[in-house]
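Colleague: Please read through the structure below; I'll follow up with questions.
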Amino acid sequence: MLKLNTLCIVLFFTFIGMAQSPLQPGFTLLENGDFEQAETFFEGYLVDDKNNKTALLCYGRAVGLSGEPRKATGIFSDLLKEYPGDFEVQINYNESFLWDKKYEQAEPLYADLVANYPENFGAVLGYANTLSNLKNYKKALEWVEKSLQIDPGNIGALTSKKYMRLGYANAYVNAQNYKKGEALLKEIFTDFPEDKDALLNLANLYLITKNTEKAKATYRRLATSPKDSITALNGIALAEHIGENDKQALVVATKAKEKAKSIEDATLKEQTYDRYIQALIWNRKYNQAKSEIAVLETTYENRNWIYALKAMHGLYTGSPKKSVANYDAILKNDSASFDGNLGKANALYAADRIIPAYNAAFGTLKVFKDQKDALGFINKLNVSFTPILEEHLAYTFDNGKNVAFSTNTTATVPLSTKLSTNLSYNFRTTENTITNNKASSHVLSAGLDYKLLPKTIFKAVLGLNKSSFDLESYTQPVIDVKLLTQPFKLQNLELNYKREIQSFNADLIEREIIMNHYGLNYNLGTNFNLGWYTQAIYTTQSDDNIRKLLFTSLYYNVLRKPALKVGVNYQYLSFANQVPTIYFSPEKYQAVELFGDLRGEFSENTTYMMSAATGLQQVEEDPNTIIFRAEAGVTHKFSKRFSGNLYGKYSNIASATAAGFEFTEIGLKLKWLMTKKPLFYKKIAK
């Protein structure tokens, strides 16, 4: 939509130039945009000369442009009754609908007017502007060109043409037709070389498409004055962030903040402080950002950008409830705020309030139709709750001459945002090439996941395991029950119980060893990149053995993109009974290792991961030995609904297998989204 002062057609009636001096002060007020004073002037004049057509027209314009367009429409409507078919009255009447933003009513009025006065500049330009406000940009541009044929070089028409191109370009950008949008923006430079609005929109297009180098170059073109230089620096800081160079973003934002101290533009100062604190948060300087926000809040009370910063700080530091409250404060001030609507959707999602998050995103699209980020957010939610079919194939071999092949097929069907069901079939066949012992197992299981509360999920799986060896077989139930919760900020706790049949190799399958695992997993995160993970498992077995396992890891997140994590692991393992001829079962086993984990992207659709760890292990009182394990994998997204992962891993850590051997595994995982959207989507879509 074009700016109002651009849309308003400044009409200079032919008789105004010949007007008597008593009306001249009012004409001057209108021309200068002092509409309220003009209204007072002409209202007073009409007391003595109530039928003066010129005064009535000017009074109507003053009334409409000072904020009462419907009253102006009434004034012009009365004049039309007195002067039917009068062009000057008709064009003012038409324009009053533009002031009132009733563009659909204005369009046929202007269509009739240009049919009768095809060579009248004001009528043709008014029709063009009306079409533009109806977002019929193609036709609007055709008519504005006609107005320029009537009055070549008219600055009002050229300005209207500029805003039409801006609106048209924005429509293409929203439709993700970025090349067409870019071309339209560049056309503006023909009439207005290095136009600021065009440059800002062009830079924003490059930010959306993550073409950060072009965005920075465009912002540099904008920097032709002290104020514009600060605007450019703010944009460049954002470009650096999008380009995953947050340290440089903070350097640029700091420079902009220093420059802003010497200017008097209050709005630009606020924008600069806003970007600076965003850069602090991007760089995880949370305490400093919090202090800066507190200082600014004393000066800028009840400002949306302050609430947005507090909300952003909450999301980055794991306090989504506080973020929701701040986005609500924004929406209280401005229900149509994009940051408020979509920001609240993200905060609700982070707080694990899925249906409210959906509703907030749908609400965003009501205000901002087809907005890319809102559509992307809804798609992210949809993917989380779309029925999935997964296949996992694996080939394993070890230095004990055991070879195994396994396949696991799982179908997961979310029935709502709280309840999800799954069905799984696992087949594993194993053989020892020395003893020629062969065995296989079939496991069929069904389960459900139920969200008891936000961030509290109960998972249960029940099934049957049929194991076969030689000419014999047996069937045993399998159980896997978990309770996952986040008791405090940045903390995850899992309590679990699992009943399974030992199936690593043929000899163990034949012995029908049932294992009952009672476990606890706990992860503590921080806002300063340090984390701690601990796993404790107590296992009772059907052969009367008992296993105790403790694993703990202290890690540090070095980088975010690519994600690099390093740390130290410690593991302790103990069995009540030692049966080394059957399976690895030391009275005491310990291992300490250093590890690194790297995850990143080769391209938009291809990601990678690699991890490695090395250290020392000790079995009983034996001498320490070196351990090493590694894993690498590549995941490729073939389409929106189908992806695959190829991986390989190796380990010689003694506790990694029940038999204590080093082993290698090569596997393939396939994932297919069975439907385009969740099964319950139609019920919640608005």
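The values are calculated or read from the model by the stated rules, or taken from the named source; none is laboratory data. Just so we're clear, the structure is a prediction, and the values are computed from it rather than from any experiment. Using ideal geometry, Cβ is built from the backbone for each residue, glycine included, and neighbour counts are taken over all protein chains shown. Just so you know, the surface numbers come from the protein's heavy atoms only, side chains and all, with ligands and any DNA or RNA stripped out. Shrake-Rupley method; radii C 1.70, N 1.55, O 1.52, S 1.80 Å.
Colleague: Of the conditions (1) more than 22 Å from Asn94 (Cα to Cα); (2) at pLDDT 85 or above, Glu31 clears all except one; give me its number.
Modeller: (1)
Colleague: Considering only helices (runs of 4 or more DSSP H) fully contained in region 283-343, which possess at least 2 residues that are among the β-branched types (Val, Ile, Thr)?
Modeller: In region 283-343, the matching helices (runs of 4 or more DSSP H) lie at 286-299, 320-333.
Colleague: Also: Going by the structure shown, is Leu141 in contact with a Phe, Trp or Tyr (Cβ under 8 Å, 6 or more places away or on another chain), in a helix (DSSP H, G or I) and open to solvent by 10 Å² or more (accessible area, probe 1.4 Å)?
Modeller: Considered against the rule, which asks whether it is in contact with a Phe, Trp or Tyr (Cβ under 8 Å, 6 or more places away or on another chain), in a helix (DSSP H, G or I) and open to solvent by 10 Å² or more (accessible area, probe 1.4 Å), Leu141 comes out as yes.
Colleague: Taking region 21-69 as the search range and keeping residues that are of a type outside the set (S, T, N, Q) and not in a helix (DSSP H, G or I), which one is most open to solvent (accessible area, probe 1.4 Å)?
Modeller: If we take residues in region 21-69 being of a type outside the set (S, T, N, Q) and not in a helix (DSSP H, G or I), then Lys50 is most open to solvent (accessible area, probe 1.4 Å).
Colleague: Now for a different question. Search region 524-543 for residues that are under 30 Å from Arg284 (Cα atoms) and pair each with any residue that is open to solvent by less than 50 Å² (accessible area, probe 1.4 Å) and not in a strand (DSSP E or B) when their beta-carbon atoms are under 9 Å apart and the residues are at least 6 apart or on different chains.
Modeller: Gly525/Gly318; Asn527/Tyr286; Asn527/Thr317; Asn527/Gly318; Phe528/Tyr286; Gly531/Gly525; Trp532/Gly525; Trp532/Thr526
Colleague: Restricting to region 619-631, name every residue that is open to solvent by 50 Å² or more (accessible area, probe 1.4 Å) and either in a strand (DSSP E or B) or among the hydrophobic types (A, V, I, L, M, F, W, C) (or both).
Modeller: Passing the criteria: Thr625, Ile626, Phe628, Arg629, Glu631.
Colleague: If you go through region 250-261 one residue at a time, how many are closer than 17 Å to Ala223 by Cβ, open to solvent by less than 50 Å² (accessible area, probe 1.4 Å) and of a type in the set (A, V, I, L, M, F, W, C)?
Modeller: Residues meeting the conditions: 4.
Colleague: If only one of Ile330, Ile306, Ile293 is closer than 30 Å to Ser262 by Cα, touching a Gly at 6+ places or on another chain (Cβ under 8 Å) and not aromatic (Phe, Trp, Tyr), which one is it?
Modeller: Every option except Ile330 fails the conditions.
Colleague: Report yes if Ile582 is out of contact with any helix residue (DSSP H, G or I) (no Cβ under 9 Å at 6 or more places or on another chain) and at pLDDT below 95, otherwise no.
Modeller: When the stated conditions are applied, Ile582 does not pass them.
Colleague: Related question: Checking Leu389 against (1) in contact (Cβ under 8 Å) with a residue 24 or more places away in the chain; (2) in a helix (DSSP H, G or I); (3) surrounded by fewer than 17 Cβ atoms within 10 Å (Cβ to Cβ): exactly one of these is not met. Which one?
Modeller: (2)
Colleague: Same structure, new question: Considering Glu82, Glu68, Glu88, Glu95, which residue is of a type in the set (Asp, Glu) and more than 24 Å from Gly33 (Cβ to Cβ)?
Modeller: Glu82
Colleague: I'm told Ala171 meets every condition in (1) touching a helix residue (DSSP H, G or I) at 6+ places or on another chain (Cβ under 9 Å); (2) over 21 Å from Tyr127 (Cβ atoms); (3) open to solvent by 40 Å² or more (accessible area, probe 1.4 Å) except one. Can you identify the failing condition by its number?
Modeller: (2)
Colleague: Return only the number of the condition from (1) touching a residue at least 40 places away in the same chain (Cβ under 8 Å); (2) open to solvent by 30 Å² or more (accessible area, probe 1.4 Å) that Thr421 does not satisfy.
Modeller: Tallying (1) touching a residue at least 40 places away in the same chain (Cβ under 8 Å); (2) open to solvent by 30 Å² or more (accessible area, probe 1.4 Å), Thr421 fails exactly one: (1).
Colleague: Still on this structure: State whether one or more residues within region 115-131 are open to solvent by 60 Å² or more (accessible area, probe 1.4 Å) and closer than 27 Å to Phe192 by Cβ.
Modeller: Yes, region 115-131 contains a residue that is open to solvent by 60 Å² or more (accessible area, probe 1.4 Å) and closer than 27 Å to Phe192 by Cβ.
Table: residues versus (1) closer than 23 Å to Ala253 by Cβ; (2) open to solvent by 40 Å² or more (accessible area, probe 1.4 Å); (3) among the aliphatic types (A, V, I, L, M); (4) part of a helix (DSSP H, G or I).
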position	(1), (2), (3), (4)
Gly156	no, no, no, yes
Lys162	no, no, no, yes
Leu200	yes, yes, yes, yes
Tyr219	yes, no, no, yes
Lys227	yes, yes, no, yes
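Colleague: Sticking with this structure for a sec: Being open to solvent by less than 70 Å² (accessible area, probe 1.4 Å) and not polar (S, T, N, Q) is the requirement here; does Lys588 meet it?
Modeller: So Lys588 fits the description; yes.
Colleague: Ala72 - would you say it is surrounded by 23 or more Cβ atoms within 10 Å (Cβ to Cβ) and closer than 17 Å to Asn92 by Cβ?
Modeller: When the stated conditions are applied, Ala72 passes them.
Colleague: Sticking with this one: Residue check, Thr606 against (1) open to solvent by 30 Å² or more (accessible area, probe 1.4 Å); (2) more than 25 Å from Ile546 (Cα to Cα); (3) modelled with pLDDT of 95 or more, all met but one. Which one?
Modeller: Exception for Thr606: condition (1).
Colleague: For region 575-608, how many residues meet the condition of being hydroxyl-bearing (Ser, Thr, Tyr) and in contact with an Asp or Glu (Cβ under 8 Å, 6 or more places away or on another chain)?
Modeller: Residues that pass the stated criteria total 3.
Colleague: Among the residues in region 648-670, are any assigned to a strand (DSSP E or B), touching a His at 6+ places or on another chain (Cβ under 6 Å), surrounded by 14 or more Cβ atoms within 10 Å (Cβ to Cβ) and modelled with pLDDT of 90 or more?
Modeller: Yes, region 648-670 has at least one match.
Colleague: Follow-up. Step by step: first the residues of region 230-269, then only those that are hydroxyl-bearing (Ser, Thr, Tyr) and in a helix (DSSP H, G or I), then the one that is nearest to Leu202 (Cα to Cα). Which residue is that?
Modeller: Top of the filtered list is Thr231.
Colleague: Return the only residue of Lys216, Lys179, Lys227, Lys146 being among the basic types (Lys, Arg) and under 28 Å from Lys369 (Cβ atoms).
Modeller: Sole residue among the options that is among the basic types (Lys, Arg) and under 28 Å from Lys369 (Cβ atoms): Lys179.
Colleague: With the structure loaded, tell me whether Ala361 is of a type in the set (Gly, Ala, Ser), surrounded by 15 or more Cβ atoms within 10 Å (Cβ to Cβ) and farther than 24 Å from Leu493 by Cα or whether it fails that test.
Modeller: Spelling it out, Ala361 is indeed of a type in the set (Gly, Ala, Ser), surrounded by 15 or more Cβ atoms within 10 Å (Cβ to Cβ) and farther than 24 Å from Leu493 by Cα.
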